[in-house]
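The values are calculated or read from the model by the stated rules, or taken from the named source; none is laboratory data. Small disclaimer: the values here were computed from a predicted structure and weren't measured. Note that we place each Cβ from the backbone using ideal geometry, even for glycine, and neighbour counts take in every protein chain shown. Remember, those area values only see protein heavy atoms, side chains included, never the ligands or the DNA or RNA. Shrake-Rupley method; radii C 1.70, N 1.55, O 1.52, S 1.80 Å.
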Amino acid sequence: MESNLAYSLQYLEYIEKQLAELNLSSVLLTMLFKTYIITGMSIVEGLFTNLLKRNNKWNKDCWEKIKTIK
């Protein structure tokens, strides 16, 4: 988890550097913004999951059985 988080944070730094230093078309800017948001949200998701697991609140079964079809 920690190494994945570190890679993701470094990737966000790289994207920020691209945004600051390059003169990009609107299409490339949009792609970088999307990538930045997706990567940032994956960091938040990973931190939240780690927090839940450390506090024994992680539910492995996210589906609730309603009925069985024969």
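Which FRET efficiency, nearest 0.05, do Phe33 and Asn56 yield, Cβ-Cβ r, R0 30 Å? Numbers along the way, then the final one.
Working: r = 37 Å, r/R0 = 1.23.
Here the calculated transfer efficiency is 0.25.
Quickly estimate the mean residue ellipticity at 222 nm for the chain, helices only: each DSSP H run with n ≥ 4 gives -39500 (n - 2.57), and the total goes over all residues, rounded to 500. Mind showing how you got there, number by number?
Values: 2 runs with 49 residues, N = 70.
Using -39500 (n - 2.57) per qualifying helix, the result is -24500 deg cm²/dmol.
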Along the charge dipole of the chain, which of Asn59, Gly46, Asn4 sits closest to the positive end, that is, farthest toward it, with unit charges on the beta carbon of Lys, Arg, Asp and Glu (+1, +1, -1, -1)? Asn59
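Enter the accessible area per residue of the chain (Å², integer; probe 1.4 Å; all protein chains in place). Don't jump to the answer; show the numbers that get you there.
Numbers: 6590 Å² over 70 residues.
With the other protein chains kept in place, the chain gives 94 Å² per residue.
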Treat the chain as a sphere of radius equal to its Kirkwood radius over Cα pairs and apply Stokes-Einstein at 37 °C in a medium of 0.692 mPa s; give the translational diffusion coefficient in µm²/s, rounded to a whole number. 220
Could you name the lysines in cross-link range of Lys65, using Cα to Cα under 27 Å and dropping any fewer than eight places away on the same chain? Lys53, Lys57
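Whenever you get a sec, compute what percent of the accessible area on the stretch 1-61 sits on carbon and sulfur atoms (1.4 Å probe). All intermediate terms of the calculation are to be shown ahead of the outcome.
Working: 3070 of 5170 Å².
After summing per-atom areas, the C and S share lands at 59 percent.
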Using only Cα atoms and rounding to the nearest 10 degrees, what angle (0 to 90) does helix 26-54 make with the longest principal axis of the chain? 40
Length gained when the stretch Leu9-Ser42 is fully extended (0.36 nm per residue, less Cα-Cα span): 10.8 nm
Treating only the Cβ of Lys, Arg, Asp and Glu as charged (+1, +1, -1, -1), what charge dipole size does the chain show about its Cα centre? Round to the nearest 20 debye. 640
